[in-house]
Structures are given as C-alpha cells and as structure tokens.
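Chemist: What follows is a single structure, and I will ask about it in a moment.
FYI, it's all coordinate maths here, none of it is from the lab. Because the structure is predicted, anything quoted here is derived from the model rather than measured. Glycine also receives a Cβ, built like all others from the backbone with ideal geometry; neighbour counts cover every protein chain displayed.
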Amino acid sequence: MNGMWSMVAALFSFFITACSGKKLIPFLQRVKYGQTILEIGPSWHKKKQGTPTMGGLMFILGIAISVFLCIPLYYFTSGIIGVQAIETPFMIFKVYAGLIMAVLYGMVGFLDDYIKVVKKQNKGLNPKQKLIFQFSIAILYLASTYIFGNSQGVLNLTTVDIPFLGRLDFGIFFWIISAVVIVGIVNAANLTDGIDGLNSSVTFFAGIFFMIITSVSGMFGLSVESAALIGGCLGFLIWNFYPAKVFMGDTGSLFLGGMVCALGFGSGQHVVLILLSMVYICEMFSVILQVLYFKVTKGKRLFRMSPIHHHFEMLGWSEIKICALFSLAEAVFGVISLLIVLYKV
C-alpha cells in the first residue's frame, strides 16, 4: 500500500513537471526571462545565452501538488480497505513543514532570479540579503519543529544518531548547528547548478536513496515526499538534460537543497543527510578552497575553475560525462548511507 502511493506520487510529480514545460518554457521565452552568461564562466557557455531560466517552477509545482494530494489520499483509501495508517501527527507535520521550507527557499531563489533577469542586475540579491532570508527560513522551520514536537510529547528532539558512537544529545547547540547545516546545504546545492542536468541528476539519486531509507524506516509520508522529488527531477531532466532547453535557476536549486534538508531532518537521519549532500558539499568546498588558495598564493589557482564541475569542463570533459560521474558519486554515497541505516535497523 505504501509503495503504491509512493509510485503514484512519483508519477504525479513527473507528469505535472514534464507537461508544465510545454507551457512554461514558451512563456519564459516570450517574456525574455533568459539566462545571462557571465564572462567569468567557460567561454563555450556563451552559446547558452538567453536560455530560459526559472524553470525550477516546473518541479516545485509538480512536487508540491503530488505531496499535498497523495498523503491525504493514502489515509482515505487505507481507511476504506481497512489498512491501519501508522504515521504520527508529528511525522505528517514534518512532511508538510519540510515542503513549506523548501518552497520558501524556492521563493528566495525566484526573487534572486527576478532581480537578475527582469531588473537586469546580474548579481541579484547581495550575500547579506540572501543569508538573512535563508537563516530566517531555517530558524522558522526548526522553531516550528521544536514547538509542535513538544506539544506532541516527542522526546529526543536534540539527539543525533552517529554510527559507532550511538545517540548524542547536543542540547541547545543542536538547533544552532542545524540552522548552519541547512543554510550550508541549500547554498551548496545552488553551486551544483552549473551545467545542463547536473543538479537535477544528483538530486534524483539523493531522492531515490531517501525513498529507500524512509521506506525501510517505516516513514510513509517522507517516502512519498522522496518519491515526489524523484518524479520532479526526472520530469525536469526531459527539458534540462544536455542540451538544456531551460535552466532551473536559483528558484529550482535553492528549492532542491531545501527538499534534501527536509528529508534529512524529517527522517532524523542527520548523518545520512550529510552523506547524500556530499556532492553538493564538495562543490561548495571547491569554491572555498579556490578562493583561499588564490589569496594565500597571491594569484595562483588550485583548480582551473570552480565550482569543481567547471574544472572538469576545462579538462575537456563533456557535460554528459560530468553528470554521469557526479551521479555515480552520489549513488556511492547513497549505498553507504543505506548500509548505515540497515546496520542500525
């Protein structure tokens, strides 16, 4: 029963996302919401100038509709056929709270894209504005989790399962660290959006492993949410795989980062969240290391270009090959994550 509704959620999300491209992409072309390719990027990316952006709206719509439809339908049908729905109110709350968090991040990305594309200001929101918005969203999500969890008598809200060390209680520091982790992963996901199909491919595999892990752990709502994420990414890849007909923009990449965080925190799999975000994190640290190395060596570069996917481009790798390599890396981290969960179970 649970597996059936996860499949339905994936199909709903896929078809809504894929079909919306037929309307949204021509609309974005008509209103000239095209991507501006900066001079600091690879020179061959100039041919992508004007490709419609803000395409992340497609899978935001598909995923949100899918989640909001499939979870109530599960409870309705389970009652009819006499199947006991075992999801607690707190688990259902975390599904919807996580989705709302991701949508809010998508709205910040939309604002950033709007300023870049419509107002013709290439930098969009400045770093301070972005961080204020992003931390506010993370704090709102964590505060709502704390308040609702306490109201439901949920224990161990600040504990983390760490492999081979057991459960550690971080106390108040849990909330501080969590806010930093959420904002960090969301921004890291944003940096992963640099070549056709990369972010959606990597997140597709993250969604697959989250779906397996939440299913094994008996978390139906999060399994459905993971399935919706899988369907949305796959539906978007129809339009975004090389050569891309549309880019997701910050609208989509910030939303995807928010979704991955929602699944990680919602399931209480904090170590798994880090592992399944490792490709994003490597992209982020490649930028940090590049900047630090440039400053320390007074102008030398550690990578030919950062984020690191551009380094591989500069080595002559095709965009398809880079997507395949990064997706394979994500799958490896996914297998490690699954083994950790199965070991605990």
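Chemist: P(r) tail for the chain, what percent of Cα pairs lie past 34 Å?
Modeler: Of all Cα-Cα pairs in the chain, 23 percent lie more than 34 Å apart.
Chemist: Next question, about the same structure. Using alpha-carbon pairs under 8 Å, 6+ residues apart, how would you state the relative contact order of the chain in percent?
Modeler: Here the relative contact order equals 27 percent.
Chemist: Moving on to the next point. With everything on Cα atoms, drop me the angle between helix 278-296 and the longest principal axis of the chain, reported from 0 to 90° to the nearest 10.
Modeler: The angle comes out near 40 degrees.
Chemist: Between TYR242 and PHE27, how high is the FRET efficiency from 1/(1 + (r/R0)^6) when r is the Cβ-Cβ distance and R₀ = 30 Å? Nearest 0.05.
Modeler: Values: r = 23 Å, r/R0 = 0.76.
Computed FRET efficiency for TYR242 and PHE27: 0.85.
Chemist: Under a point spin-label approximation (7 Å from Cα along Cα-to-Cβ), what is the ILE139-VAL296 distance to one decimal in nm?
Modeler: It works out to 3.4 nm between the two label points.
Chemist: Let me ask something additional. Using helices alone, I'd like the mean residue ellipticity at 222 nm for the chain: each DSSP H run of four-plus residues gives -39500 (n - 2.57), total over residue count, nearest 500. Write down the numbers at each step before the final one.
Modeler: Numbers: 12 runs with 246 residues, N = 345.
The per-residue figure over the chain is -24500 deg cm²/dmol.
Chemist: Right, something else. Can you give me the angle between helix 173-191 and the longest principal axis of the chain, using Cα atoms only, in degrees from 0 to 90, rounded to the nearest 10?
Modeler: 40 degrees
Chemist: From the cross-link list LYS94/LYS344; LYS23/LYS48; LYS32/LYS123; LYS23/LYS94; LYS48/LYS123; LYS48/LYS128, which pairs have alpha carbons spaced over 25 Å apart? Display every interim value, and only then the final one.
Modeler: Numbers: LYS94/LYS344 22 Å; LYS23/LYS48 20 Å; LYS32/LYS123 18 Å; LYS23/LYS94 32 Å; LYS48/LYS123 18 Å; LYS48/LYS128 29 Å.
Those over the limit are LYS23/LYS94; LYS48/LYS128.
Chemist: Equivalent ellipsoid semi-axes for region 166-248, as square roots of 5 times the alpha carbon gyration tensor eigenvalues: give them largest first, rounded to whole Å. All intermediate terms of the calculation are to be shown ahead of the outcome.
Modeler: Values: eigenvalues 162, 71, 14 Å².
Listed largest to smallest, the semi-axes of region 166-248 are 28, 19, 8 Å.
Chemist: Taking the radius of gyration and the Kirkwood hydrodynamic radius from Cα positions alone, what is the Rg/Rh ratio for region 121-222, to two decimal places?
Modeler: Numbers: Rg = 16.8 Å, Rh = 16.4 Å.
Value, to two decimals: 1.02.
Chemist: For the chain, take the longest principal axis of its alpha carbons; what is the angle in degrees between that and the long axis of helix 249-267, to the nearest 10 within 0 to 90?
Modeler: Between helix and principal axis, roughly 30 degrees.
Chemist: Work out the FRET efficiency for MET4 and ARG304 from their Cβ-Cβ distance, taking R0 = 41 Å, and round it to the nearest 0.05.
Modeler: Numbers: r = 48 Å, r/R0 = 1.17.
My answer for the efficiency is 0.30.
Chemist: What does a probe at ALA331 reach in region 262-281, counting residues whose amide N is under 19 Å from the point 7 Å along Cα→Cβ?
Modeler: 275-280
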